[in-house]
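The values are calculated or read from the model by the stated rules, or taken from the named source; none is laboratory data. Not measured: the values here are computed from a predicted model. Ideal geometry is used to build each Cβ from the backbone, glycine not excepted, and the neighbour counts take in all protein chains shown. With ligands, DNA and RNA removed, areas are computed over all heavy atoms of the protein, side chains included. Shrake-Rupley method; radii C 1.70, N 1.55, O 1.52, S 1.80 Å.
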Amino acid sequence: MKEGFGEKKQPIMKMLVIGMVILIICLAVCVVLVSTLRSTYSDEISADFQAHHISSGEKLDATIRSGVEVVESAAGVMGSAAASYVNTQIYGVLNDYEHFSMLETLAFVGNDGNVYHHYRKYSASSLGEPLKELQDHMKTVNGTYTGVVMLSEDGMPYILIAVPVYYRDKSYGFLTATMKMEDIFEGGEFNYQNEMGECYLTDRNGIIMSRSSDAIFVSESSEDFCLSMLEYSDGKEESKRAVQALTNAYKENDTGFVSIKTRRAESLQISYYPLKSVPSLFFISCYNDNLVDDKVQPLLFRSVLSCIIIVVLMIAIIVYVWATSKRANITIEKLAYEDPVTKGKNINYFKEFASHIMAVFKETPFVIYRFDIVNFRYINEAYGHIRADEILTSCITNFASVFSEKELCIRMDSDQFLAILANDKEIGQRLERLAKNVNEDARGRGIKYPIRFKTGVYQIRKHDHDIDEMIDRANVARKTLKGDDSEMTAYYSEKIVQNMRKLDRIESDMQKALANGEFKVYMQPKWDIYLNRIAGAEALVRWVRDDGSISYPDEFVPIFENNGFIEKLDFYMLEMVCQKMHDMIEAGNTVYPVSVNQSRMLLHSADYVTNVKRIIEKYKLPENAIELEITESVFLDDRSNMIQIINQLKQCGVRLAMDDFGSGYSSLNMLKDVSFDTVKIDREFFAESVSTERSRWILQKIVELSSGIGMEVLCEGVETEEQVSILKALGCRMVQGFYFSKPLPEEEYIALYCGSNTMI
Ligand code: C2E
Ligand code: MG
Ligand code: MG
């Protein structure tokens, strides 16, 4: 689940599918192109064929006509020979013209009833039927006759030419010649037709007179062209109409072109042309349209093959690019989703995982854990980066072994972790096991320091969708945990949010509030219980807003210490107090020493001592009129440096008080190393001290010890008369507390205690 929850479909499959689709489209385009090409090509061939057909027909006409012209010129010459009735002259003319190659035979049929041919004379009555018919016909016409005749000698058809012979307008008979039809298509002018298909000569009834030597469309045995075509056709109406058109063309003497579909689904293209030279003859040539396919198919095959090669090459390139880019993608994915230190996942992955897991397991209540290792900095410094990193890795690997597939833990950065967990009954046990395993691991690596986690928890609600917001909330909860070990886990709640809002408001208002003078000085008197009179005061800040609401230091001082604004506020308070004291001294009023609180943050500022000195000198206050209160916690940071700064402060003519003594890790060394003027015993410590004999004894010794080294002791938080009596008995002279006075607005304090012209 963790590895593959968002894995996308293999892109290679997609590419292959796309490749196949492209291939299919290419093939379809090819087929369309080629079929368009075929149809264009077919039309072009058809037009070309028809043009050739007519031209061949015309050439055939020209050939026959030249035969006729030979006979006509022979008839011209024959006139005088016939008129002389001299046989030798007649034979001579015949002999002269017989040699023209296109003429098969040449004969003179005289009106004398004789036929002259090849040096012989025959009686016309002995001749065959065709000649007799011709003789009869020639009697009725006086011009050239051309027709077809079937000669009984060889049973072959011939073109018959008959030209009347005149001499001085008197008819002497006619010359007759035959032209062979048998090999008529052997001439070069029929090459195109013969290569494409075959040629026929038919009479007007469709009876075949001659054909190309290798003609096959009409069988040898068949004589009727139209009938053969009808038999050869698929018998459909369209083909029948085509044959009919051909039959009509015979009658009408038309030139044209028809197409007949054959039984084998081929298309027979037929061109017809009526010869002008022999009115009874039709020249026909035809070809099978399949020959177009023969020419187009290799083209189609080459196109399809090219398409396949291109697409296959394309796919091969895509696969190659994909394979090389996959490696790059893995690296990119690693960078995008892997934490380089622990080799676990990172925040990007976590967000996607969390969204996915919440969508899949809708009914499971999930929680976001945002945690870090307590004092990890220490582990880093004490054991080195490598071992510290091993601990971080151990957290991730142990998590995977303890938690389920639908849970995930990642390292964000440094020692910051983030986890999404199923909030079931065993969650506590699982977390304990994780901590136990990590600690065992750490011990195994020689790290004795206990590994503990500070955790902010956010319980994901049903309508939550924004992962960033959930993580932020868990982090907000984590940030509420203090640096100490008092609390290790914090749960996000509305109260936290309210506090955050409050914090936001304080931070956004603080600058303006300082400029507007909303930070007011309150004074709490310090009391000398031996003399039972005021002995000084502590200045305490109050934030009095325009609407009259008052905020106490506990609400904003820690915030200002965090954001650095405390420096401005503390110097402001110091300046306000000094200014007021200066004004009062000038006015001749009574003034008592005033102590001003100084945050430990101030002591880290480089020019802190200089600034204090400047203010004290600016208002020319008597020495020791101002006491600076510094909490003992300041020595936790940088002891020797702090001691140095405090000694420098003493040179500025101020008293120094250690505030809240006994509230933290108080040490006697502090009293020894730093010459404070006053020790202020913390209110809590004091309250506890007076309750038992043992603590009271400790307090007494602190008072004695401090007095012994010349320090004044002041007890804070004195609230009862009984406490006053105890302190008196312990030898503590100075006290501060509600028993004597609460912190008062400065004017009230002045009015109450600083009336007469009394100096400190
Ligand atoms: P602190 O310096 O120890 O001041 C004494 C605190 O004890 C004051 O609280 C005072 O009102 C309270 N207190 C005095 N007598 C009694 C008593 O009899 N009973 C009880 N319950 N409380 C008593 P406050 O004014 O709320 O100040 C709290 C703390 O805020 C101060 O503790 C001090 O650490 C800090 N603080 C106050 N003003 C400033 C300031 O101007 N700058 C800085 N940096 N811190 C300040
Ligand atoms: Mg104080
Ligand atoms: Mg105090």
*Rounded if a/c under 1.5, otherwise prolate or oblate - segment 549-693, Cα gyration tensor axes*: rounded
*Return the FRET efficiency for the residue pair LEU33, ASN423: r is the Cβ-Cβ distance, R0 is 56 Å, and the value is rounded to the nearest 0.05.*
0.25
*Once the convex hull of the C-alpha atoms of segment 283-396 is built, how many Å³ does it hold per residue, rounded to a whole number?*
176
*In deg cm²/dmol, rounded to 500, what helix-only [θ] at 222 nm does the chain give when every DSSP H run of at least 4 residues adds -39500 (n - 2.57) and the total is split over its residues?*
-16500 deg cm²/dmol
*Which of the residue pairs LYS59/LYS251; LYS343/LYS448; LYS180/LYS236 have a Cα-Cα distance greater than 29 Å in the structure shown?*
LYS180/LYS236
*Which percent of the accessible area of segment 339-470 is formed by carbon and sulfur heavy atoms (probe 1.4 angstrom)?*
52
*Interchain or long-range residues, amide H under 5 Å from LEU656's placed H*: LEU628, ASP677, THR678
*Would you please name the chymotrypsin sites (Phe, Trp or Tyr not before Pro) within segment 678-760 that are DSSP coil residues with at most 12 other C-beta atoms within 10 Å of their C-beta?*
PHE738
_Roughly how far apart, in whole Å, are the Cα centres of segment 140-163 and segment 350-428?_
116
*Please sort by residue number the GluC sites (Glu not before Pro) in segment 99-204 whose DSSP state is loop and whose Cβ has at most 13 other Cβ atoms within 10 Å.*
GLU153
*Of LYS326/LYS436; LYS580/LYS672; LYS520/LYS613; LYS613/LYS680; LYS613/LYS701, pairs whose Cα-Cα distance is over 31 Å*: LYS326/LYS436; LYS580/LYS672; LYS613/LYS701
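Kindly report the accessible area of the chain per residue (heavy atoms of protein chains, probe 1.4 Å, no ligands, DNA or RNA), in Å². All intermediate terms of the calculation are to be shown ahead of the outcome.
On the way: 39290 Å² over 760 residues.
With all protein chains present, the chain gives 52 Å² per residue.
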*Take every DSSP beta bridge whose two residues both sit in the chain, then give the antiparallel share in percent to the nearest 5.*
75
*Heavy-atom accessible surface of segment 517-582: percent carbon and sulfur, 1.4 Å*: 49
_Under the span-like rule (Cα at least 27 Å along the axis, Kyte-Doolittle mean at least 0.0), DSSP H helices of the chain_ = 11-84, 290-337, 566-587
*If a/c stays under 1.5 just call it rounded; otherwise compare a/b with b/c (prolate if a/b is bigger, oblate if not). Do that for the chain, with a ≥ b ≥ c from the square roots of the Cα gyration tensor eigenvalues.*
prolate
_Tell me the carbon and sulfur percent of the accessible area for segment 248-289, rounded to whole percent, probe radius 1.4 Å._
45
*What are the chymotrypsin sites (Phe, Trp or Tyr not before Pro) within segment 72-158 that DSSP puts in a loop, where the Cβ has at most 12 other Cβ atoms within 10 Å?*
TYR85, TYR119
*Subtracting the Cα-Cα distance from 0.36 nm times the residue separation, let me have the gained length for ASP43 to GLU617 in nm, one decimal.*
195.0 nm
*For segment 688-760 and segment 461-535, compute the distance between their C-alpha centroids and round to whole Å.*
30
*How long is the gain from ILE207 to THR590 if the chain were fully straight, where each residue apart is worth 0.36 nm and the alpha carbon distance is subtracted?*
122.3 nm
*Kindly point out, ordered by number, any Cys in the chain whose beta-carbon has no other cysteine beta-carbon under 4.7 Å away.*
CYS30, CYS199, CYS226, CYS286, CYS395, CYS409, CYS578, CYS652, CYS715, CYS732, CYS754
*Among rounded, prolate and oblate, which fits segment 617-760 when a ≥ b ≥ c are the square roots of the eigenvalues of its C-alpha gyration tensor, a/c under 1.5 means rounded, and a/b larger than b/c means prolate?*
oblate
